[in-house]
Amino acid sequence: MESNHLSVHEAARALRDGKLSVPDLLASCLDRLDRTENDVNAWAHVADRSMLAEKANRLQAALSRSGDPGVLYGMPFGVKDLVDTADLPTEAGSEVFRGRRPAQDAECVRSSLDHGGLLLGKTRTHEFAYGVRTPGVANPWELSRTAGGSSGGSAAAVAAGSCMWAIGTDTLGSVRMPASLCGVVGLKPTAGAIPEQGVIPLAWSLDAVGVLTRTCEDAASTFAALRRSTLPALARTPRRLRVGVARADGLGRVQDGVLAVVDHAARTLAESYDVTDVDIPLLEHHVPVGFGLLVPEASSWHEPLLRNPAPDLPPYEQGIHASLLAGLQVRAVDYLRAARARRAVVAAFAELFERIDVLLTPTTPYVAPVASEPAVQWPDGTAEPFETSMCRFTACANVTGLPAVSVPAGLAGGLPVGVQLIGRAHSELDILQVGSRIEMRLSPPIGGVRDDGPSFR
Amino acid sequence: MIDSTQGTHVRESDPRSAELEKRAAQVQQDLAATYASLTELAEAHAPCFESPARGAA
């Protein structure tokens, strides 16, 4: 296996043991990037290679003096183009912000660099993260399919092996959905657990900074490195966890292959945990509440740009522009109607989590759709918009602020399927512990470096 | 036209404006339906600004 396909933990061990060097790891990622990027298009900006090489040499030289520098040390990582970086442009995937150069790094980027990370570049996002299928980014598993979004570039880069892990953001599922479609782990932590300073907001009351990795263990370590130091220390729950599995007949339309993977995951978990069937409370309201909050909150942030555009300001993409304009017209009483309904969802989940510790659901109702399809087509002949269907199971974690992770758990039709685990506030280690029992290391089928086949860990 | 009285950059002479206006109107219509669907749930639950102290009292 090439070093760019190791997990962060495996690579860190190899660095510590002298079996791998930081420059070699960097070269491996850049080589992989060169071989895949024409097809995958995951990166908006890549750092200057001579500067990267210089930093890698410096980190390698310091490694022998550092003792145990931590698992992020020397790891090339990507950052969603919604997150400020001082050394690279941050354009939010938008013509509106073309050439924007922030004065300083976002706090989460600063933390990553302080831990010895190598910032490889900025990964593509849907314009201002306002969408679920990042335009132009191909799914490494099948290039005609979408990588999902809006952290599509981050997920595709980790899946393709062009970086070791990546930072994303998640407003109604924008870390977990692309993670699921691309076969990687995507963690959306508890609201506010990773600082949002320096991150361009989409909807402030729903947004969370998250991480995309190849394993749950890597997600735990990257999250620990990025989280607010004021939070309680991370600790695993020693007791036997109670896992609630979302009943299939209450999920609405879901592809059979996705249901089969969730069922297999539930049976795997039953060997280690107390597993019971549960209903997802108020499921039909999660997406309406989410969009009822998101649309006006997004317009609120963009209002100065919408009302006072510079004379030569390039336009937003038209669909996003239309949504932003519509959001300006939302009445306060309607926004508050969504806020009140949100409280009902929060209360219903609080009640559910009195009976269980972790909730298992599909992450998305379907595998990665063909990028050119306008909507998901169901066998009964109906069509459903991607924007409101893909986030059906992920929106609740943003509405409630609870932590959730998507874990690759199998294949359907040769494409990755992720399952989602949701826990109580600040129970990231619990959901990652459960996730590690079912995670499946998957390899992308491009570039001739696919492993012999997926295998259970 | 959408918000023309408030100075957003939708220009009537711009051929894009008509299409943009149409799409924004569609989003507004969808949003109205979204908010309407939440009425029952919102009204069945406690006011948004309920104080935790109220429950204690």
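The values are calculated or read from the model by the stated rules, or taken from the named source; none is laboratory data. Everything quoted here is computed from the prediction, not taken from an experiment. Neighbour counts run over all protein chains shown; Cβ positions are idealised from the backbone, glycine included.
Odds and ends about this structure:
- Being in contact with a strand residue (DSSP E or B) (Cβ under 8 Å, 6 or more places away or on another chain), assigned to a helix (DSSP H, G or I) and either in contact (Cβ under 8 Å) with a residue 40 or more places away in the chain or more than 20 Å from A:ALA47 (Cβ to Cβ) (or both) is a property that A:CYS108 has.
- Filtered residues of the stretch A:333-389 (kept if in a helix (DSSP H, G or I), under 23 Å from the mean Cα position of the chain (by Cα), more than 10 Å from chain B (Cβ to nearest Cβ) and closer than 14 Å to A:ILE422 by Cβ): A:PHE349
- Among residues of the stretch B:24-42 that are within 7 Å of another protein chain (Cβ to nearest Cβ), those with a Cβ under 6 angstrom from a residue that is basic (Lys, Arg) and in a helix (DSSP H, G or I), sequence gap 6+ or separate chain, pair up as B:TYR35/A:ARG337; B:LEU38/A:ARG337; B:ALA42/A:ARG337; B:ALA42/A:ARG340.
- Single match in A:ARG101, A:ARG110, A:ARG124 (criterion: basic (Lys, Arg) and more than 23 Å from A:THR222 (Cα to Cα)): A:ARG101
- Selection status of A:SER180, under 19 Å from A:PRO416 (Cβ atoms) and surrounded by fewer than 24 Cβ atoms within 10 Å (Cβ to Cβ): no
- Flag for A:ALA156 being surrounded by fewer than 24 Cβ atoms within 10 Å (Cβ to Cβ), among the aliphatic types (A, V, I, L, M) and farther than 22 Å from A:ALA12 by Cβ: no
- Lone qualifier among A:GLY252, A:GLY244 - being assigned to a strand (DSSP E or B) and within 24 Å of the chain's Cα centre (by Cα): A:GLY244
- Cβ separations smaller than 6 Å between residues 6+ apart or across chains give the following pairs from the stretch A:154-177 residues that are under 19 Å from A:GLU297 (Cα atoms) to residues that are of a type in the set (A, V, I, L, M) and part of a strand (DSSP E or B): A:THR169/A:VAL209; A:ASP170/A:ALA208.
- Residues satisfying the stated conditions in the stretch A:73-105, i.e. among the β-branched types (Val, Ile, Thr) and without any contact (Cβ under 8 Å) to a residue 40 or more places away in the chain: A:THR85
- Which listed residue, of A:ASP274, A:ASP279, A:ASP263, is more than 9 Å from chain B (Cβ to nearest Cβ), surrounded by fewer than 16 Cβ atoms within 10 Å (Cβ to Cβ) and out of contact with any helix residue (DSSP H, G or I) (no Cβ under 9 Å at 6 or more places or on another chain): A:ASP274
- Qualifying residue in the stretch A:327-340 (condition: more than 16 Å from A:SER205 (Cβ to Cβ) and buried (at least 23 other Cβ atoms within 10 Å of the Cβ)): no
- Test: residue in the stretch A:95-113 that is surrounded by fewer than 24 Cβ atoms within 10 Å (Cβ to Cβ), on the phi < 0 side of the Ramachandran plot, in contact with a Leu (Cβ under 6 Å, 6 or more places away or on another chain) and at pLDDT 95 or above: yes
- Within the stretch A:286-328, the residues that satisfy the criterion of being modelled with pLDDT of 95 or more, within 9 Å of chain B (Cβ to nearest Cβ) and under 24 Å from the mean Cα position of the chain (by Cα) are A:VAL287, A:PRO288, A:VAL289, A:PHE291, A:GLY292, A:VAL295, A:PRO296, A:SER323, A:LEU324.
- Exactly one residue out of A:LEU293, A:LEU269 is among the hydrophobic types (A, V, I, L, M, F, W, C), within 24 Å of A:PRO416 (Cα to Cα) and in contact (Cβ under 8 Å) with a residue 24 or more places away in the chain: that is A:LEU269.
- Scanning the stretch A:42-53 for residues that are farther than 17 Å from A:PRO89 by Cβ and either surrounded by 11 or more Cβ atoms within 10 Å (Cβ to Cβ) or in contact with a strand residue (DSSP E or B) (Cβ under 6 Å, 6 or more places away or on another chain) (or both) yields a single hit, A:ALA53.
- Boolean, A:ALA397 is outside any loop (DSSP other than H, G, I, E, B), within 14 Å of chain B (Cβ to nearest Cβ) and out of contact with any Phe, Trp or Tyr (no Cβ under 6 Å at 6 or more places or on another chain): no
- Residues (under 13 Å from the mean Cα position of the chain (by Cα) and over 18 Å from A:GLY435 (Cβ atoms)) located in the stretch A:167-201: A:ILE167, A:THR169, A:THR171, A:LEU172, A:SER174
- Check on A:GLY410, surrounded by 17 or more Cβ atoms within 10 Å (Cβ to Cβ) and farther than 16 Å from A:SER436 by Cα: no
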